[in-house]
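Below is one structure, written out as structure tokens; the observations come after it.
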Amino acid sequence: MEYPKPICANADLHGGAWNLYDKLIEGVPEGICVKDYCLGTAWSYVDAECGMGTAYTDRGGAKRSVACDLRGIELREMAKLSKSWSFKEATLGIAALNAWYCSPERLELLGVRYDDDEAAAGNETVVGDVEDGGPRCGKRMDAFDIFMPRVDALGGKAKVVIVGHFPRVERFAEHGELVVLERNCRDEWDTPDPACEYVMPQADFAFITGVTLINKTAPRLLQLCKDACTVMVGPSVVMSPLLFDYGVDSLSGSVVWDPEAARFAVKNGVGKYFGRALRMCSVSR
């Protein structure tokens with residue numbers, strides 16, 4: 001078939017900030033086709049011959065410029081959308097990267113730890129929903145719970161910066177100083193995200209949402225927290241060891257465990273079904 005013209009073909013002219021994206025894209029083999037995709041109201045997916053990847057649907061940024069049908073395009077070509085300044089397009093690009101990197105076969109080589117069977121079977125978590133109450137049963141691969149003992153070991157003096165409004169982050173306020181960087185401030189710990197330049201260099205622990213890969217803030221944020229223990233969190237995280245080379249200490253993302261359930265949840269905008277379709281996982285440097 002005749003493929004559309006290369007996506008973001010001139011993006012590499014913008015300098016070193018694109019290096020992370022270029023390397024992630026280069027890691028996707030040629031010859032893998034996209035079978036289906038959906039830009040959902042809350043979450044999106046890309047289903048390719050190698051598996052399904054997901055990402056949070058970011059509706060900001062520039063207007064979309066890629067209007068063609070991307071079914072049948074090579075996955076690597078679709079992954080180039082991760083460099084688009086239309087964050088809707090970038091959402092599909094990150095989901096395309098996750099279709100390759102976030103697969104059980106590739107993650108097994110990294111020694112990734114998953115939710116145990118009990119947690120997965122009883123998972124009623126609404127992934128990314130601020131109304132969610134957090135882990136409910138079994139051994140969940142919740143990054144905040146995993147690192148809480150290390151935060152607590154600093155005897156109440158830990159400086160914790162969290163990029164993105166995650167459920168139950170207030171628990172860190174009991175163990176030290178907490179700052180939540182959020183574009184739309186809602187709670188008492190929320191601080192406007194431009195404060196990253198001021199607070200992240202002093203952080204002992206930095207938890208960064210995978211959505212920063214979509215909105216292009218990830219490279220700078222990783223520079224700012226180079227002296228912190230840095231964790232990338234959420235279903236939009238690209239589970240690639242390449243991120244360890246950019247200062248990430250731990251990746252806490254998700255794998256699509258039930259593609260049909262994920263497809264239904266994305267198309268129907270039902271968060272709890274989306275959570276059930278995924279299995280949380282974690283791997284450290």
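Any idea which of (1) at pLDDT below 90; (2) surrounded by 19 or more Cβ atoms within 10 Å (Cβ to Cβ); (3) over 16 Å from the mean Cα position of the chain (by Cα) is the one His165 doesn't satisfy?
It fails just one condition, (3).
Is there any pair with a first residue in segment 260-275 that is touching a residue at least 60 places away in the same chain (Cβ under 8 Å) and a second that is part of a helix (DSSP H, G or I) and hydroxyl-bearing (Ser, Thr, Tyr) whose Cβ atoms are under 6 Å apart and which are 6 or more apart or on different chains, and what are they?
Pairs that qualify, where the first residue is touching a residue at least 60 places away in the same chain (Cβ under 8 Å) and the partner is part of a helix (DSSP H, G or I) and hydroxyl-bearing (Ser, Thr, Tyr), are Ala265/Tyr273.
Considering only segment 34-47, I want to know if a residue exists there that is open to solvent by 60 Å² or more (accessible area, probe 1.4 Å), under 20 Å from Ala261 (Cβ atoms) and either within 21 Å of the chain's Cα centre (by Cα) or at pLDDT 95 or above (or both). First the steps, then the outcome.
Taking segment 34-47 as the starting set, the residues that turn out to be open to solvent by 60 Å² or more (accessible area, probe 1.4 Å) are 35, 41.
From what is left, the residues that are under 20 Å from Ala261 (Cβ atoms) are 35, 41.
Remaining after also requiring either within 21 Å of the chain's Cα centre (by Cα) or at pLDDT 95 or above (or both): 35, 41.
Yes - at least one qualifying residue is present in segment 34-47.
Can you name every residue in segment 63-101 that is hydrophobic (A, V, I, L, M, F, W, C) and at pLDDT below 95? Talk me through it step by step, then tell me what you get.
Pass one, segment 63-101, residues hydrophobic (A, V, I, L, M, F, W, C): 66-68, 70, 73, 75, 78-79, 81, 85, 87, 90, 92, 94-97, 99-100.
Answer for segment 63-101, where residues must be hydrophobic (A, V, I, L, M, F, W, C) and at pLDDT below 95: Val66, Ala67, Cys68.
Restricting to segment 254-285, what's the tally of residues that are among the polar types (S, T, N, Q), open to solvent by 50 Å² or more (accessible area, probe 1.4 Å) and closer than 26 Å to Glu108 by Cα? First the steps, then the outcome.
Looking only at segment 254-285, we keep the residues that are among the polar types (S, T, N, Q), and these are 254, 268, 282, 284.
Pick out the ones that are also open to solvent by 50 Å² or more (accessible area, probe 1.4 Å) and you get 268, 284.
Filter once more, so that each one left must be closer than 26 Å to Glu108 by Cα: 284.
So the answer is 1.
What residue, of Phe207, Phe264, is assigned to a helix (DSSP H, G or I), out of contact with any Asp or Glu (no Cβ under 8 Å at 6 or more places or on another chain) and on the phi < 0 side of the Ramachandran plot?
Values: Phe207 fails: assigned to a helix (DSSP H, G or I).
The conditions single out Phe264.
Would you be able to say whether some residue in segment 103-117 is among the β-branched types (Val, Ile, Thr) and either modelled with pLDDT under 95 or surrounded by fewer than 16 Cβ atoms within 10 Å (Cβ to Cβ) (or both)? Break it down stepwise before answering.
Taking segment 103-117 and keeping what is among the β-branched types (Val, Ile, Thr), we get 112.
Add one more test, that the residue is either modelled with pLDDT under 95 or surrounded by fewer than 16 Cβ atoms within 10 Å (Cβ to Cβ) (or both), and what stays is 112.
The answer is yes, given that some residue of segment 103-117 is among the β-branched types (Val, Ile, Thr) and either modelled with pLDDT under 95 or surrounded by fewer than 16 Cβ atoms within 10 Å (Cβ to Cβ) (or both).
Out of curiosity, is Pro235 touching a residue at least 24 places away in the same chain (Cβ under 8 Å), in a loop (DSSP other than H, G, I, E, B), more than 27 Å from Asp22 (Cβ to Cβ) and open to solvent by less than 30 Å² (accessible area, probe 1.4 Å)?
Details: touching a residue at least 24 places away in the same chain (Cβ under 8 Å): yes; in a loop (DSSP other than H, G, I, E, B): yes; more than 27 Å from Asp22 (Cβ to Cβ): no; open to solvent by less than 30 Å² (accessible area, probe 1.4 Å): yes.
Judged against the criteria, Pro235 is not a match.
Only one residue in Leu224, Leu243 is out of contact with any Phe, Trp or Tyr (no Cβ under 9 Å at 6 or more places or on another chain), open to solvent by 10 Å² or more (accessible area, probe 1.4 Å) and modelled with pLDDT of 95 or more. Which one? Spell out the reasoning first.
Working: Leu243 fails: open to solvent by 10 Å² or more (accessible area, probe 1.4 Å).
Only one candidate passes the filter, namely Leu224.
Go through Ser240, Ser252 for me and flag whichever is in contact (Cβ under 8 Å) with a residue 60 or more places away in the chain, among the small types (Gly, Ala, Ser) and farther than 16 Å from Ala99 by Cβ. Please lay out each step first, then the result.
On the way: Ser240 fails: farther than 16 Å from Ala99 by Cβ.
The conditions single out Ser252.
Results for (1) crowded, with 18+ Cβ neighbours inside 10 Å; (2) under 21 Å from the mean Cα position of the chain (by Cα); (3) among the hydroxyl-bearing types (Ser, Thr, Tyr); (4) over 28 Å from Thr91 (Cβ atoms), shown as yes or no for each residue.
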| position | (1), (2), (3), (4) |
| --- | --- |
| Leu178 | yes, no, no, yes |
| Pro194 | no, yes, no, no |
| Ala206 | yes, yes, no, no |
| Ala218 | yes, yes, no, no |
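The values are calculated or read from the model by the stated rules, or taken from the named source; none is laboratory data. If you're wondering where the values come from, they're calculated on a predicted model, not measured in any experiment. So basically every Cβ, Gly included, is an ideal-geometry build from the backbone, and we count neighbours across all protein chains shown. Only protein heavy atoms, including side chains, enter the accessible area calculation; ligands, DNA and RNA are left aside. Shrake-Rupley method; radii C 1.70, N 1.55, O 1.52, S 1.80 Å.
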